[in-house]
1. Quick one: how many residues across region 67-100 are near the ligand (Cβ under 10 Å from one of its atoms) and under 22 Å from Asn35 (Cα atoms)?
2. If you go through region 158-193, how many residues are among the hydroxyl-bearing types (Ser, Thr, Tyr) and within 17 Å of the chain's Cα centre (by Cα)?
3. I'd like to check something: does region 35-54 contain any residue that is within 10 Å of the ligand (Cβ to nearest atom), modelled with pLDDT of 95 or more, assigned to a loop (DSSP other than H, G, I, E, B) and crowded, with 16+ Cβ neighbours inside 10 Å?
4. Pairs only if they're at least six apart or on different chains, beta carbon under 7 angstrom, first in region 67-82 and small (Gly, Ala, Ser), second within 9 Å of the ligand (Cβ to nearest atom) and in a loop (DSSP other than H, G, I, E, B); list them, first residue then second.
5. Go through (1) within 8 Å of the ligand (Cβ to nearest atom); (2) among the hydrophobic types (A, V, I, L, M, F, W, C); (3) surrounded by fewer than 23 Cβ atoms within 10 Å (Cβ to Cβ); (4) not in a helix (DSSP H, G or I) one by one and return the number of the condition Ala23 breaks.
6. Test Gly18 against the stated conditions and say whether it is closer than 25 Å to Asp194 by Cα, near the ligand (Cβ under 9 Å from one of its atoms), under 14 Å from the mean Cα position of the chain (by Cα) and of a type outside the set (Asp, Glu).
7. Could you tell me whether region 201-208 includes any residue that is surrounded by fewer than 18 Cβ atoms within 10 Å (Cβ to Cβ), of a type in the set (Phe, Trp, Tyr), in contact (Cβ under 8 Å) with a residue 12 or more places away in the chain and in contact with a helix residue (DSSP H, G or I) (Cβ under 8 Å, 6 or more places away or on another chain)?
8. Search region 94-142 for residues being among the polar types (S, T, N, Q) and assigned to a helix (DSSP H, G or I), and hand back the single one that is surrounded by the fewest Cβ atoms within 10 Å (Cβ to Cβ).
Amino acid sequence: MERESKVLTEKEEIVRKGYDLMAGDYHDQRNIFRNKKELEEFTSLLPRNANVLDLGCGAGVPVTKVLVESGLSVTGVDFSESMLNLATKNVPEAKFIKKNMTELDFKDNSFNGLTACYSIIHVPREKHVPLFQTFHRILKPNGILLISMGSTGWEGTEEFHGTQMFWSHYDPEKTLQILTDAGFEILFDKIIADVGEKHYWILAKNRK
Ligand SMILES: C[S@@+](CC[C@H](N)C(=O)[O-])C[C@H]1O[C@@H](n2cnc3c(N)ncnc32)[C@H](O)[C@@H]1O
């Protein structure tokens, strides 16, 4: 596993520390997979032997594992060491990097696809515009993006798996606008009730 240590903001530190503390518990409860259909739609649009970045990959199940089983070359990124330790065991075929997803320094046009499932909801929303601009930069032309975002505009901290956790999201209209402005064509956007809550899922194609 590659590691990088950069200073996190106070909000990011709440998230990283929270997932470090709850990794085992989160992993034990992440056995229900309700987004098979969306993931299949994502993989169906990728070329053979495509490479995919899974941002906020957590413990690697089910998403990173399903991507690997679909024949894709997968790089998982997360800033929680405990989550990445589980991911390395769960999906030994994938490459994992310990990194803040807001500090991605991959070369332009590096990936055919990018997923971020239930992870950007923890990224401070003032960083969403530069984050989407980076996705546009590092994805190849016509690269495919699958992300789940907040179904309402909200920012705050709450108890989650016995520890403090921070969430931050714009409402779907604003999310759609900043994604379109960053250069993405929307293939679908829908609110799905999953893992006990509603999330806003978007499948998009990179236009450049
Ligand atoms: C709710 S979990 C989702 C994990 C996995 N994608 C899944 O579907 O089970 C959110 C993950 O995103 C990671 N994460 C949140 N913010 C991040 C950031 N700025 N950079 C890297 N990882 C981040 C957390 O450490 C955590 O592992």
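The values are calculated or read from the model by the stated rules, or taken from the named source; none is laboratory data. On a predicted model such as this, the values are computed, not experimentally measured, just so you know. Cβ coordinates were reconstructed from backbone atoms using ideal geometry, including for glycine residues, and neighbour counts include every protein chain displayed.
1. Taking region 67-100 as the starting set, the residues that turn out to be near the ligand (Cβ under 10 Å from one of its atoms) are 76-84, 86-87, 97-100.
Keeping just the survivors that are under 22 Å from Asn35 (Cα atoms) gives 76-78, 83-84, 86-87.
Residues in region 67-100 being near the ligand (Cβ under 10 Å from one of its atoms) and under 22 Å from Asn35 (Cα atoms): 7 in total.
2. Just the residues of region 158-193 that are among the hydroxyl-bearing types (Ser, Thr, Tyr), to begin with: 163, 168, 170, 175, 180.
Add one more test, that the residue is within 17 Å of the chain's Cα centre (by Cα), and what stays is 168, 170, 175.
Residues flagged as among the hydroxyl-bearing types (Ser, Thr, Tyr) and within 17 Å of the chain's Cα centre (by Cα) within region 158-193 amount to 3.
3. No: region 35-54 contains no residue that is within 10 Å of the ligand (Cβ to nearest atom), modelled with pLDDT of 95 or more, assigned to a loop (DSSP other than H, G, I, E, B) and crowded, with 16+ Cβ neighbours inside 10 Å.
4. Taking only residues 6 or more apart or on different chains, the pairs are Gly76/Cys57; Gly76/Gly60.
5. Ala23 satisfies all of (1) within 8 Å of the ligand (Cβ to nearest atom); (2) among the hydrophobic types (A, V, I, L, M, F, W, C); (3) surrounded by fewer than 23 Cβ atoms within 10 Å (Cβ to Cβ); (4) not in a helix (DSSP H, G or I) except (4).
6. Numbers: closer than 25 Å to Asp194 by Cα: yes; near the ligand (Cβ under 9 Å from one of its atoms): yes; under 14 Å from the mean Cα position of the chain (by Cα): no; of a type outside the set (Asp, Glu): yes.
So Gly18 fails the test.
7. Looking only at region 201-208, we keep the residues that are surrounded by fewer than 18 Cβ atoms within 10 Å (Cβ to Cβ), and these are 205, 207-208.
Filter once more, so that each one left must be of a type in the set (Phe, Trp, Tyr): none.
Within region 201-208, not a single residue is surrounded by fewer than 18 Cβ atoms within 10 Å (Cβ to Cβ), of a type in the set (Phe, Trp, Tyr), in contact (Cβ under 8 Å) with a residue 12 or more places away in the chain and in contact with a helix residue (DSSP H, G or I) (Cβ under 8 Å, 6 or more places away or on another chain).
8. Quick first cut of region 94-142, residues among the polar types (S, T, N, Q) only: 100, 102, 109-110, 112, 115, 119, 133-134, 142.
Then drop every residue that is not assigned to a helix (DSSP H, G or I), which leaves 102, 133-134.
Details: Thr102: 19, Gln133: 14, Thr134: 19.
Filtering region 94-142 for residues that are among the polar types (S, T, N, Q) and assigned to a helix (DSSP H, G or I), the one surrounded by the fewest Cβ atoms within 10 Å (Cβ to Cβ) comes out as Gln133.
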